[in-house]
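All remarks here apply to the structure that follows.
The values are calculated or read from the model by the stated rules, or taken from the named source; none is laboratory data. On a predicted model such as this, the values are computed, not experimentally measured, just so you know. Using ideal geometry, Cβ is built from the backbone for each residue, glycine included, and neighbour counts are taken over all protein chains shown. Note: areas computed on protein heavy atoms with side chains; ligands, DNA, RNA excluded. Shrake-Rupley method; radii C 1.70, N 1.55, O 1.52, S 1.80 Å.
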Number of protein chains: 2
Amino acid sequence: MKSYHHGNLKQELIDCACRLCERDGYTKLSIRTLAKESGVSQTAPYRHFETKEALYASVAQDGFNKLSKAIHVDVDKKVNKKQIVDMAIKYIEFGLKNANTYDLMFGTAVGNFAEYPELLESANSSYENFRSSFSQLANDSDEVIAFKCITLWSMVHGLVGILRKAQVVADNSMVNPEAGPMSSAILIAGNLEDHLDKVISGIIEN
Amino acid sequence: MKSYHHGNLKQELIDCACRLCERDGYTKLSIRTLAKESGVSQTAPYRHFETKEALYASVAQDGFNKLSKAIHVDVDKKVNKKQIVDMAIKYIEFGLKNANTYDLMFGTAVGNFAEYPELLESANSSYENFRSSFSQLANDSDEVIAFKCITLWSMVHGLVGILRKAQVVADNSMVNPEAGPMSSAILIAGNLEDHLDKVISGIIEN
DNA sequence: TGTATTATGTTAGCAGTGTCAACATTTATA
DNA sequence: TATAAATGTTGACACTGCTAACATAATACA
C-alpha cells in the first residue's frame, strides 16, 4: 500500500517534531529518529528542511502560534487591568506548561529569526497581541506604550525562566529550601495573581 | 619535555571551555576539540568531568562568579536607589557582553543545578548580592524584599533575553525596523538608564 | 625505602549524529 | 508525450559523547 511518495511529509515532520521537542527537549531530537517515526528514510526530511535549524524554526513558529491563541484577549470588549493580568498569567502558564517549546522560541537554537520570515512574523504577531491590548488601556503615546509593554513582557518572560529553574530544583528538593532565589520564586508562584496585579498596577500607573 | 601527566588539566579545560563557549556558543563545544586544544588525548577530560553536562556546569559556575563580581556593590556604604539602578545596568551589560555564557547559566543545558552543589552555591551567591542590597533600602519584611527582588530580577533577566533577540535581528537588519517587539526593545536599550530608573522606582515604592 | 594504591593519562572502538552526493521514482508541466 | 521538477532512497563522510582496557606517574603506607 505504502507509496513511494508520502504525500504530507512536511506537516507530519513538523507535528512529530513539535511533539518530540516538547516531550524530550529539542536537544534530544534527531532528524534520523524523526524520519524513522514518520516511516521514511533518514535523509528524506532534507527535502523539506535545509538544516536542522530550519526544522527548529518551524517548531518555534508553531509555538508562537499556540502562544498567540493562549494569550488572546477579545478585542471587542474594552480592555481593563484584569484582562492584562489574565494575559500575563496565561503567558506564564504557557511558558511553564510548554517549557521545552518555550526554550526553542526564546533560546538560541534558532540564531536569527530574520532568516525564517514566517517564524519572525509569528513571533511579531504574538507580541502584537500584547501590545494592542496595552494600547487600549490608556491614551498613551506609542512610545510610552512600547515602554510599558516591554517592561511587562520582560518581567513575565523573566519570571518564566526563573520559575522554571525553581521548579526543577524544588522537584528534586535536594537543597535547603530556605536559601537562594528559588525559594523566593516559589513563594511568588504560590501567589502569582496577587503578585502580577501589583506589578502591573505599578507599570500602568507609571 | 612534555610529561605524561599534565599537572593542571582540569583548570585548563575549564578556562578553555569558558573561552570557547563564549566565543562560539556552548553547542559548538566538543570535548574532543577541547582536549586537542589542551594538547591531550580525546578522553582525558573524562578523568575530570563525568559528562559533558558536568563541564557545562563548571563553565556556568564560572559565569556566576564573574556575574557576582560584575554587579557587586560596596556594602559599607548605605545603599540607595541609584546603586540599585547601577547594579541592574551592570547585570544587563553582563548578560549582553557574555551572551553565550549567560545562556549556559540560565538555559537548560545544565538541567538541575542541585546535581552540582558548587554551581548551585555560586548561583545562589549571585542572587544574594542582589537581595542584600535590596534589603538595605527600606525596612521591609523578608517576604516583601523577596517579592521586590524577584520582580526586578525577572524584569532585568527578561530584558537581557529580549534585548539579545533584538540585537541579533538589528545586527542583520533584514526586517522592517518599524514593526515588532524588536524595535521597541531597541528604543529602550538606547535609553536604558532612564527606563530602569522608572521601573525600579515603581518597584521600590510599591 | 619499597611496594601497593590511586590518580591521571592513552588507544581502540561503539553507536549515534548532521549532512552531502548520486541515484530512483513519482508528479507536474510544456 | 517528452521533459523538468519534486520528492524519495542508499551509501558514505566526518564528527560526536562515551566506555572499556590498558599505561604511566604520583602518592600513601608498611
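One table, with the values for the structure above:
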{"quantity": "Test item: B:121-130 mean partner chain Cβ contacts at 10 Å", "calculated": "3"}
{"quantity": "Accessible surface, per residue, of chain A when the full set of protein chains is kept, probe 1.4 Å, Å²", "calculated": "51"}
{"quantity": "Shortest-first distances to equivalent copies, position A:ASP142, nm, label 7 Å out along Cβ", "calculated": "4.9"}
{"quantity": "Exceeding the 32 Å Cα-Cα cut-off - candidates A:LYS97/B:LYS78; A:LYS78/B:LYS90; B:LYS28/B:LYS90; B:LYS69/B:LYS165", "calculated": "A:LYS97/B:LYS78; A:LYS78/B:LYS90"}
{"quantity": "Shielding of B:10-21 by partner chains, average beta-carbon count, 10 Å", "calculated": "0"}
{"quantity": "Distribution of pairwise C-alpha distances over chain A, 10 Å bins, in %", "calculated": "8, 29, 29, 21, 10, 3, 0"}
{"quantity": "C-alpha long axis of helix B:9-24 to longest principal axis of chain B, angle in °", "calculated": "50"}
{"quantity": "Cβ nearest the rotation axis (A onto B), residue from chain A and distance to the nearest whole Å", "calculated": "A:GLY158, 2"}
{"quantity": "Cross-link pairs A:LYS10/A:LYS36; A:LYS52/B:LYS36; A:LYS198/B:LYS82 - those with Cα-Cα distance over 19 Å", "calculated": "A:LYS52/B:LYS36; A:LYS198/B:LYS82"}
{"quantity": "Calculated label separations, B:LYS77, copies of the chain, 7 Å along the beta-carbon direction, nm", "calculated": "5.0"}
{"quantity": "Loss of accessible area when A meets B, both sides summed, Å² nearest 100, probe 1.4 Å", "calculated": "3800"}
{"quantity": "For region B:1-49 and region B:113-145, distance of Cα centres in Å", "calculated": "32"}
{"quantity": "Carbon + sulfur, % of accessible area of chain B - ligands and nucleic acids excluded, 1.4 Å", "calculated": "49"}
{"quantity": "Normalised contact order of region A:1-49, rounded percent, pairs of Cα under 8 Å and 6 or more residues apart", "calculated": "32"}
{"quantity": "Shortest-first distances to equivalent copies, position B:ASP197, nm, label 7 Å out along Cβ", "calculated": "3.3"}
{"quantity": "Other protein chain Cβ atoms within 10 Å, averaged over every residue that makes up B:100-107", "calculated": "2"}
{"quantity": "Spin-label pair B:ASN8/A:LEU96, simplified geometry with 7 Å Cα→Cβ offset, distance in nm", "calculated": "4.7"}
